[in-house]
Amino acid sequence: QVQLVESGGGLVQGGGSLRLSCAASGRRFSSYTMGWFRQAPGKEREFVAAITWSREDTYYADSVKGRFTISRDNAKNTLYLQMNSLKPEDTAVYYCAGDPRASVFQKGSYAYWGQGTQVTVSS
């Protein structure tokens, strides 16, 4: 089993950058597909980015492609999301999620979730 704790959210001006981290406990982190999702007020939780256990494959939502970068350090049991050129529409609570058999884009296929970290982008 894996426990996930996000950090790094905050308030930033449009065009700025933030780096989110997700610290994982448990010895099986390195075998998990990991993803970032976000949920804005009044909207459904949506896929942002994902990375396979081997780090060979990364996936992004079209809305963040070219601006966000997902990475992981299996030695440190940590997942990252570097967010550049932030826009007001990126404002949301960001969640990390993990599962050994996740279907990358499907939030329902991730068994383990963090509590979320708020990202607010001002215009």
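Summary of computed values
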| read-out | value |
| --- | --- |
| Region 9-123 - percent relative contact order, Cα under 8 Å, separation 6 or more | 36 |
| Alpha-carbon centroids, region 74-123 and region 5-63: separation in whole Å | 2 |
| Percent of Cα pairs exceeding the 20 Å cut-off, where the set is the chain | 35 |
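Only the coordinates and a few stated rules stand behind these numbers; no lab work does. Everything numeric in this text was worked out from a predicted model, so none of it was measured.
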